[in-house]
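These notes concern the structure reproduced below.
The values are calculated or read from the model by the stated rules, or taken from the named source; none is laboratory data. A quick note: this is a predicted structure, and the numbers were derived from the prediction, not measured. In this analysis, Cβ positions are derived from the backbone assuming ideal geometry, glycine residues included, and neighbour counts consider all displayed protein chains.
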Amino acid sequence: MIRDTLTRQVADAIAAAQAAGDLPQFSIPDIGLMHPRPELGDYACSVAMQLARIARLPPAQIAQRIAKHVVSDIATVEVASAYVNFRLKPEFLGQQVNIVLLAGERWGDIDLGHGAAAQVEHGSANPTGYATIGTGRNVVTGDTLANALDAAGYAVHREWYVNDAGNQIRAFGASLFSHYAQAFGQDIPLPEKGYAGEDAVEVGRALAAAEGDRFLAMDRDAATRELGRMGIDLVMARIRLTMTRLGIHYDNYFSERSLYTSGRAARALEALRARGLLIDHDGALWFSEDGSPIRSGQGKRKTSDEYAESDDEPEEKGKPAPIQAVVIRSAAVVANPDERATYFASDIPYALNKVVERGFNPAVYVWGEDHQADVPRVYAAARTLGLPEGAIRLIIYRFITLMRGGVEVRMGKRKGNAILADDVVDEVGVDAFRYVMLSRSVDTKFTFDLDLVKEQKNDNPVYYVQYGHARIASLLRRAAEEHGIDLEAAYASDYPLPGEPGELDLIRRALELPEIVELVATKLEPHHFTAYAQALATAFSRFYESCRVLGTPEAVLYPRLKLCRMAQIALARALSLMGMSAPDRM
């Protein structure tokens, strides 16, 4: 990437300044570059401020001495206060157009992962109902992260974790028995905290139609379990159809229940017990990160300042207290032994399976904010089990406020008023749905306004970006069909660019895509793609308004047609990374 080239040139300049006696000897630190305001250049380096204490010189003076030794054939160097700024040369920018055209649909690819196996586990909602709009944010986030990791050079595996164990599944099975029995005219009331939604009713009736009334003659507990398992299969089949509709595929659907039937859960807990990290307390089995006795009244992660009056205060003030969490609940709390394991009891062997057995690093989880409290527990278990640092990465997304007609729509899967992802897609379309889900940082709670998203106007970002691509496609068609221009000859030409500001700004934007891929893949923040796509579409619009293309002399026409093709490639790739279509006509 261009940024990496400039970073090396800064490091070489520091070494040259040291050799010339302009700077003292010291180890050159990591050098970072950022994009400053356009009037200040294309890249800015703040390393002079890092070096002020080491070099015992004012940062502005250090910046001047570094800049004096920079040797660059791609950029001019300027100093602004303590910053060393770079402005890419017009001739270099013009040369990069060919690089983009040559890369084609793989433009933006980088080799960050070097082929390492990575996994993104997303979706993974309890299979007690069809995919909701909340699940939609999860899966669109996860799918886009997987696309970014793939573009960054990882071998990416995509997985849905099927929560087919525990008390919620028991409640779902009991709810299905009620709906199933009602299909035969029997009034079996829903259990407490049962599932009353239309999707649960539909599944119960489908089971009645497919299986007949044979479950009514069975032991109720056995019937509930069997109907629960069959219901999960039906729900997951519907979820798979929704995912296909959203353009999302999975390499595997992993059963939580299999962690117990395979013995993985028992082996993982035994490994923790051997380390002295499992403790029996009040009839329950607890995980204790450092093996210390279970603290009374624990339940949240506290700092040592909150234990100032306690005998178990950590030695280091302000250090987080070791994680302690229930793994297996007490029989006095949960009577059924099959339902005593907590989510955490499954998280432990699942993490081992991901990283140790299957070799994923990173293994990325996409979780809703209701699992925020589980994050430190999983990280603590990963540490104590000796998993490599950074192998487990948990992404928490905020929930959505859905608006229709200016009124907030309240949702709840158990109550049966959850908004299904399919219903929203019916109204707004797949691309608009995905774009809105990506338009905010995952840690930002935002409003999904159905009425606004349905308006196909230029101020709706997804259509604005797609219109930019369609506009370019139309221009290129007109060039070939109405003006008889050989586009391949234009793309292969070597005329220099006129060098108009609109041309150079468009190239700059297109060249940022590899950096955006790296940013999303490392920070796991997919919203950067939407910001990039909008900025690129705007750059093309400004270019088109300020730089005439058709009807110009060949020496101007050909390089500008190349610019159009470059922008089309970059826009199409950005849309592809977000899982959206790049239409040629709108």
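In table form, for the structure just shown:
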read-out: Some residue of region 179-192 being in contact (Cβ under 8 Å) with a residue 60 or more places away in the chain and under 24 Å from D422 (Cα atoms); value: no
read-out: Matching residues in region 176-200 - criterion: being within 16 Å of D233 (Cα to Cα) and at pLDDT 95 or above; value: L176, F177, Y180
read-out: Test: residue in region 52-68 that is in contact with an Asp or Glu (Cβ under 9 Å, 6 or more places away or on another chain), β-branched (V, I, T) and either within 30 Å of P496 (Cβ to Cβ) or not in a helix (DSSP H, G or I) (or both); value: no
read-out: Filter result for A533 (aliphatic (A, V, I, L, M), within 15 Å of I569 (Cβ to Cβ), over 22 Å from the mean Cα position of the chain (by Cα) and modelled with pLDDT of 95 or more); value: no
read-out: Restricting region 546-564 to residues that are surrounded by 15 or more Cβ atoms within 10 Å (Cβ to Cβ) and in contact with a Phe, Trp or Tyr (Cβ under 6 Å, 6 or more places away or on another chain), the residue that is nearest to T144 (Cα to Cα); value: K562
read-out: Residues that are surrounded by 13 or more Cβ atoms within 10 Å (Cβ to Cβ) and within 19 Å of R340 (Cβ to Cβ), drawn from region 278-297; value: L278, I279, H281, A284, L285, W286, F287, S288, I294
read-out: Set G142, G134, G108, G115: member being touching a strand residue (DSSP E or B) at 6+ places or on another chain (Cβ under 7 Å) and over 24 Å from G368 (Cβ atoms); value: G115
read-out: Residues being within 35 Å of the chain's Cα centre (by Cα), under 20 Å from I74 (Cα atoms) and without any contact (Cβ under 8 Å) to a residue 24 or more places away in the chain - total across region 5-31; value: 2
read-out: Inter-residue pairs, beta-carbon under 6 Å, first of a type in the set (F, W, Y) and in region 193-213, second surrounded by fewer than 20 Cβ atoms within 10 Å (Cβ to Cβ), 6+ apart; value: Y195/R414
read-out: Residue in region 408-416 that is at pLDDT 95 or above and buried (at least 17 other Cβ atoms within 10 Å of the Cβ) present; value: no
read-out: Selected residue (only one of F529, F543 is free of Cβ contacts under 8 Å to residues at least 60 places away in the same chain, crowded, with 17+ Cβ neighbours inside 10 Å and assigned to a helix (DSSP H, G or I)); value: F543
read-out: Members of region 24-49 that are among the charged types (D, E, K, R) and assigned to a loop (DSSP other than H, G, I, E, B); value: D30, R37, D42
read-out: Elements of type helices (runs of 4 or more DSSP H) contained in region 88-198, each with 1 or more residues being acidic (D, E) and surrounded by fewer than 22 Cβ atoms within 10 Å (Cβ to Cβ); value: 90-103, 133-151
read-out: Residue ranges of helices (runs of 4 or more DSSP H) in region 440-519 with at least 1 members at pLDDT below 95; value: 450-454, 461-481
